Amino acid sequence: MTQTAVRVRGLTKRYGEVRAVDGIDLDIAAGEVFAILGPNGAGKSTTVEILEGYRKRDAGEVTVLGADPGHPTRQWRSRVGIVLQTSNDTAELTVRETVRHFAGYYPGARDPDEVIARVGLAEQAGKRIRQLSGGQRRRVDVALGVVGRPELLFLDEPTTGFDPEARRTFWELIEDLARDGTTIVLTTHYLDEAEALADRVAVIARGRIVAQDRPSTLGGRAAARATVGWLEDGERRHLETGTPTATILKLTGRFGGEVPELTVTRPSLEDVYMNLIAETTR
Amino acid sequence: MTDAVTAPTAAAPPAAPPRLPSALALGWSRAGVETRMFFRERDAVVFTFAFPIVLLAIFGSIFSDRLGGTSITASQLYTAGLIGAGVMAASFQNLGIGIAVDRDDGTLKRLSGTPIPHSAYFVGKILQVLLVAFLEVAILLAIGVAAYDVRLPSDPVRWATFAWVFVLGITASSLLGIAVSGLPRSARSASAVISLPFVVLQFISGVYIPFTQLPQWLVGISSFFPLKWMCQGFRSVFLGDSGAALEITGTYELDRVAMVLAAWVVGGLALCLMTFRWKSRRDG
């Protein structure tokens, strides 16, 4: 049996005349890693901030961990972890002082030193936060988000500004948390990140959800036609086909064995995403 | 400030959740980190803490003559006035800048996303303000006694006056500081936006320049604000009866001091409740 961590029906939020969120429905199961994608200004941040209890909605039903985030209680807050986009606070405290201090806010907090080690900052634990690099600063944010042992963790564009190696390390940390059963709601601009981490993704454009599926099947991706490419007479050839295996068999016969520089590609998550966004803004 | 501290049992699911830490314990914990951050940030220490001390040393060295046929020296007058300014710096300026910075750098937003009650944030700030103000007064008095012939009163009534002027003054200034923390648009502009009016107020409230040398209309303006009355109260404590002759009315008017400061406590609280925002302008 799967429990629901987040349930949203008909969520609406207006800023003046602009409908930032225009009737969104979402179901996120407990233990799921759910990514929300969308261009800037599409209503992504507004939606997440409503789920986090930071913003009031205009209309719709929202339940997060069984409660209405429009009226957050301390008890509810202690079950939700939030990693915000940018913050610059506690610059003069050390990593250990900061994580210890925030651990004190929660009734069932994790061991601060264990959390510091888990986000890979054991060596920097005694350093002031102002001395950390951007990526290390972000890991402090994650440490503060998880130190309260949340059942549900919100991550808002967590790896912006990371180098590729730091991003991989960060992904492992998120996978680790997901294995422990933490429900994770993630917003990101990086489609490879969504593909690597998320069980399901939703694409938001113009305040609506335009697609919602597993990353591998989003937007009819699995059923889409494949492109077979090869080299012939010193020229690159492409063929779009619904039956790539048959095409390759034919090519194998034609070349009598190895097909030079053979590739078979299906639309990447990024291709599907760009198509979805283009369709809604047309 | 209007935060409803939810009783742990009120919103509890039936499975008897673990107890949340009390607001008071968290306030104490906030005071610890606030104090540590304050003393580690040299800018803040210089702005609120060392400023009056440096000024006392400068004014005390320049002016050492006796005033208006009394036995009071100018440096004694400055010591009393700068104690008033020091208390206001530790509360009004410190909170005005500190909370504006907290709003801008994400402190308030992060705290809003955790189970800490809003009241604990303010308890932490208040304890930090009390500590800084207490240290400031102690250091100014120590310098005054050691270098400028300031005599600590032996009469307990004087100390009682000191206590209520300190408490009313610091409360009024703190509330005013919390209220004005919403004015700066960003952390970078905070020290300019908060410090400028405070410096002006010190010049017209008799801290640097005796009232006898100020035009009537300026005294009229400063009489509206708490600093003039705080300094007047502190002068009554540290200059004694002979100093009363230096006041505009020839008395310390302690009843008016109490009334104006109490009015600012009420007005400041109302201002805070009406204007305080947890979000920065950026966050809408």
Rounded Å value of the spacing that divides the Cα centres of segment A:1-54 and segment B:191-244
54
What is the spin-label model distance, in nm, from B:Trp28 to B:Ile53 if the labels are put 7 Å beyond Cα along the C-beta direction?
2.8
Report, in degrees rounded to the nearest 10, the 0 to 90 angle that the Cα long axis of helix A:134-146 makes with the longest principal axis of chain A.
70
Give me a single rounded figure for A:61-73: the average over its residues of other chain Cβ atoms within 10 Å of their Cβ.
2
Evaluate E = 1/(1 + (r/R0)^6) for B:Val45 and A:Thr263, where r is the Cβ-Cβ distance and R0 equals 51 Å; express this FRET efficiency to the nearest 0.05.
0.20
Assigned charges on the beta-carbon of Lys, Arg, Asp, Glu; segment A:130-175 dipole about Cα centre (debye):
240
From other protein chains only, count the Cβ atoms within 10 Å of every residue's Cβ in B:26-34, then give the mean.
3
Kirkwood Rh, Cα Rg: Rg to Rh for segment B:185-284?
1.08
How high is the relative contact order of chain A, given as a whole-number percent (alpha carbon pairs under 8 Å, six or more residues apart)?
20
Once both axes come from the Cα atoms, what is the angle between helix B:23-40 and the longest principal axis of chain B, in degrees from 0 to 90, rounded to 10?
60
Roughly how tilted is helix A:269-281, in degrees to the nearest 10 and between 0 and 90, from the longest Cα axis of chain A?
80
Using only helices, what value at 222 nm comes out for chain B when you add -39,500 (n - 2.57) per DSSP H run of length 4 or more and divide by the total residues, to the nearest 500 deg cm²/dmol?
-21000 deg cm²/dmol
FRET efficiency estimate (nearest 0.05) - Cβ-Cβ, B:Ala192 to A:Thr86, R0 25 angstrom
0.60
A:Ala223 and B:Ala146 label points (each 7 Å along its Cα→Cβ direction) are spaced in nm at 8.5
Say R0 is 51 Å: what FRET efficiency, to the nearest 0.05, do A:Thr12 and B:Thr70 get from their beta-carbon distance?
0.10
What is the average number of partner chain Cβ atoms found within 10 Å of a Cβ in B:104-113?
6
Once both labels are modelled 7 Å past Cα along the beta-carbon direction, what's the A:Ala59-A:Thr241 spacing in nm?
5.2
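Values quoted throughout were computed directly from the atomic coordinates according to the rules given, and no laboratory measurement underlies them. Being a predicted model, the structure only gives us computed values, none of them experimental. Here the Cβ is made from the backbone with ideal geometry for all residues, glycine too, and neighbour counts use every protein chain on show.
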